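S.K.: Below is a structure I'd like to ask you about.
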Amino acid sequence: MVRPPVWVYSRYACISLLTVVVSVGLGWTKPKKTQADPSESLVAVGDVHGDFDDYVAILQHIGLIDKQNHWTGGKTTFVQVGDLLDRGPKPREVMDLMMGLEKEAGQAGGRVVSLLGNHEMMNMMGDLRYVTPMNFASFADVNSETRQKSAYGEYVKWRNKHPELIAELSQPMELTETEWVARHPRGFVEQREAFSPKGEYGKWLRGHNALAEIGEEIFLHGGIHPDLAKMKVEAVNSQIRDEIKAFDEMKQYLQDEGVILPFFNMQEITSAAQAEVIAERKSLVPANEERQARILEFLKYGEWLSVKPDGPLWFRGYDQWSDEEGTAQIGKVLDAYKVAHIVVGHTVQRGARIRRRFGDKVFLIDTGMLSSYYPGGRASALEICDDTKFTAKYTGEQVVLTAPSSPGKAGSAAPAEVKDATQISEKPAALPAVGSICSATAPPPQ
């Protein structure tokens, strides 16, 4: 729910992204494909943002988990479209829950598909603008103060070793220990380690895709821009994996070269890399053409598919297009992928209602679950039965959005109570688990 980073300095070089991608290691294991035969029952949930309690409430309400938070969804396929973390108080609990459900669902014949959102990408790359002090504190332990002091000591040594680089920084870094500690609270170092390629959450997130094609639906966080529709689903996923891999390799290279420290955030990494190039060009430090070339290529990361505003993790067109514009554009996208619907999160819908658009071809399912941040928001889920019946489920009610008018055919529009809406500014009893959510008897509206 944020603007993408803007630390892009493409004026420095003309080396293609392919150079960086080829330069990274080949030992990285690709995630499994998400395309599969349609399930009788599909459930999709939008952005969670660390709101563990409301997330659990909606999953229990629709019958996917029990009161002990174990899988009861049987053979249901459950898709979460990204942004599990940031802003809210319990991102670790949310991720731990998803990691457990992935295993339990598979054992029961169901499946959990957890997709990447822009906030997952931000945390992997160290863009920590929306990580709260409470989030950092959740990673702290009895040794955190010692780690914090040790990290500050490394930082002081780094500053003393690189006076020429420090002089060329576009933004000054902290000069005093008080300033540094304020920006690197207890748990900060541990959080960065946890989201690294070898960290518990970093390794898990790097095993996820950005897009999932299941049955006649495509699920993703932001949306597919019409210009992107020329790429197949797996090609998009592959490119984003390559970009994550390129970032990880480049960060490690900069550490090995002494340009950055392991716990630097994205802003610090970018500033230090820029300063290194300038210092070399001014002959303030020994020049290294290979290093310059790699740094210059890295500084174009703002052009990456995973980062740019019209990429699949950031695109907001489905919310912002007019009905006329969107109907024409979405037709091109659906035809390119030969699917019937697209389901996305990312943009909070006013009225906290799942929104259907463009002749029921697009469903926007971010209803601002974290109501402490999005006033009036609430948890919700979209249930899809046999690719034809779409039902919006909330803890207090459910609304049929589309239903088949005859067997095997898409049906009529939703009741008038479900209306289009625009985005909010940023700033229960469980269903019985009988192997398929769609075959369960829904509770009456409360």
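The values are calculated or read from the model by the stated rules, or taken from the named source; none is laboratory data. Please read these numbers as outputs of a predicted model, since none were measured by experiment. Here the Cβ is made from the backbone with ideal geometry for all residues, glycine too, and neighbour counts use every protein chain on show.
S.K.: Taking only pairs six or more apart or across chains, which ones have beta-carbon atoms under 7 Å, a first residue in region 126-146 that is among the hydroxyl-bearing types (Ser, Thr, Tyr), and a second residue that is in a loop (DSSP other than H, G, I, E, B)?
M.R.: The qualifying pairs are TYR130/VAL2; TYR130/ASP86; TYR130/ARG87; THR132/ARG87; SER138/GLY187; SER144/ARG186; SER144/GLY187.
S.K.: Mind telling me which of the residues ARG281, ARG291 ends up being under 25 Å from ARG192 (Cβ atoms), surrounded by fewer than 19 Cβ atoms within 10 Å (Cβ to Cβ), out of contact with any strand residue (DSSP E or B) (no Cβ under 9 Å at 6 or more places or on another chain) and charged (D, E, K, R)? Outline the logic, then answer.
M.R.: Numbers: ARG281 fails: under 25 Å from ARG192 (Cβ atoms).
Residue meeting the stated conditions: ARG291.
S.K.: Where in region 158-219 are there helices (runs of 4 or more DSSP H), lying wholly inside it, with at least 2 residues that are aromatic (Phe, Trp, Tyr)? Break it down stepwise before answering.
M.R.: Details: elements: 163-167, 177-183, 188-194, 200-205.
In region 158-219, the matching helices (runs of 4 or more DSSP H) lie at 200-205.
S.K.: Let me ask another. Which of the residues belonging to region 355-372 are closer than 16 Å to PRO89 by Cα and within 18 Å of the chain's Cα centre (by Cα)? Lay out the reasoning, then the answer.
M.R.: Within region 355-372, the subset closer than 16 Å to PRO89 by Cα is 368-372.
Of everything in region 355-372, those that are closer than 16 Å to PRO89 by Cα and within 18 Å of the chain's Cα centre (by Cα) turn out to be GLY368, MET369, LEU370.
S.K.: Considering region 264-274 alone, what residues qualify as being surrounded by 21 or more Cβ atoms within 10 Å (Cβ to Cβ) and either of a type outside the set (Ser, Thr, Tyr) or outside the structural domain of LEU296 (by TED's automatic domain parsing) (or both)?
M.R.: Answer for region 264-274, where residues must be surrounded by 21 or more Cβ atoms within 10 Å (Cβ to Cβ) and either of a type outside the set (Ser, Thr, Tyr) or outside the structural domain of LEU296 (by TED's automatic domain parsing) (or both): PHE264, ILE269, ALA272, ALA273, GLN274.
S.K.: May I pose another question? Does GLN239 satisfy the condition of being farther than 28 Å from ASN135 by Cα, surrounded by 17 or more Cβ atoms within 10 Å (Cβ to Cβ) and either outside the structural domain of LEU334 (by TED's automatic domain parsing) or out of contact with any helix residue (DSSP H, G or I) (no Cβ under 7 Å at 6 or more places or on another chain) (or both)? First the steps, then the outcome.
M.R.: Numbers: farther than 28 Å from ASN135 by Cα: yes; surrounded by 17 or more Cβ atoms within 10 Å (Cβ to Cβ): yes; either outside the structural domain of LEU334 (by TED's automatic domain parsing) or out of contact with any helix residue (DSSP H, G or I) (no Cβ under 7 Å at 6 or more places or on another chain) (or both): yes.
In short, yes.
S.K.: Quick one: is LYS361 among the charged types (D, E, K, R), in contact with a His (Cβ under 7 Å, 6 or more places away or on another chain) and under 20 Å from GLU213 (Cα atoms)?
M.R.: Taking the combined requirement at face value, the residue satisfies it.
S.K.: What are the pairs with Cβ atoms under 8 angstrom where one residue, in region 304-333, is closer than 15 Å to ILE244 by Cβ and the other, located anywhere, is at pLDDT 95 or above and among the aromatic types (Phe, Trp, Tyr)? Sequence gap at least six, or different chains.
M.R.: So the pair list comes out as VAL307/TYR301; VAL307/TRP314; LYS308/TRP314; GLY311/TRP304.
S.K.: Could you give me the residue pairs with C-beta distances under 7 Å whose first residue belongs to region 53-79 and is small (Gly, Ala, Ser), whose second residue is outside any loop (DSSP other than H, G, I, E, B) wherever it lies, and which are 6+ apart or on separate chains?
M.R.: Partner pairs satisfying both residue conditions: GLY73/ALA105.
S.K.: Filter region 234-283 down to residues that are in a loop (DSSP other than H, G, I, E, B) and within 30 Å of VAL181 (Cβ to Cβ), then give me how many there are. Spell out the reasoning first.
M.R.: Of the residues in region 234-283, the ones in a loop (DSSP other than H, G, I, E, B) are 257-265, 282-283.
The next check asks that each one be within 30 Å of VAL181 (Cβ to Cβ); those that pass are 257-265.
Total satisfying the criteria: 9.
S.K.: Also: Only one residue in ASP86, ASP96 is crowded, with 19+ Cβ neighbours inside 10 Å, closer than 26 Å to PHE219 by Cβ, modelled with pLDDT of 95 or more and not assigned by TED's automatic domain parsing to the domain that holds ALA275, so which one is that?
M.R.: Numbers: ASP96 fails: crowded, with 19+ Cβ neighbours inside 10 Å.
That would be ASP86, the only listed residue that is crowded, with 19+ Cβ neighbours inside 10 Å, closer than 26 Å to PHE219 by Cβ, modelled with pLDDT of 95 or more and not assigned by TED's automatic domain parsing to the domain that holds ALA275.
S.K.: Something else: Has region 204-215 got at least one residue that is crowded, with 22+ Cβ neighbours inside 10 Å, closer than 22 Å to THR77 by Cα, under 17 Å from the mean Cα position of the chain (by Cα) and among the β-branched types (Val, Ile, Thr)?
M.R.: Checked region 204-215: no residue is crowded, with 22+ Cβ neighbours inside 10 Å, closer than 22 Å to THR77 by Cα, under 17 Å from the mean Cα position of the chain (by Cα) and among the β-branched types (Val, Ile, Thr).
S.K.: Condition first: among the β-branched types (Val, Ile, Thr) and either touching a helix residue (DSSP H, G or I) at 6+ places or on another chain (Cβ under 6 Å) or under 16 Å from ALA212 (Cα atoms) (or both). Now tell me which residues in region 71-128 satisfy that.
M.R.: Taking region 71-128 first, the residues among the β-branched types (Val, Ile, Thr) are 72, 76-77, 79, 81, 94, 112-113.
Hits for region 71-128 are THR76, THR77, VAL79, VAL81, VAL94, VAL112, VAL113.
S.K.: Just one of the numbered conditions (1) in contact with a Lys or Arg (Cβ under 8 Å, 6 or more places away or on another chain); (2) in a loop (DSSP other than H, G, I, E, B) is not true of VAL339; which one?
M.R.: (1)
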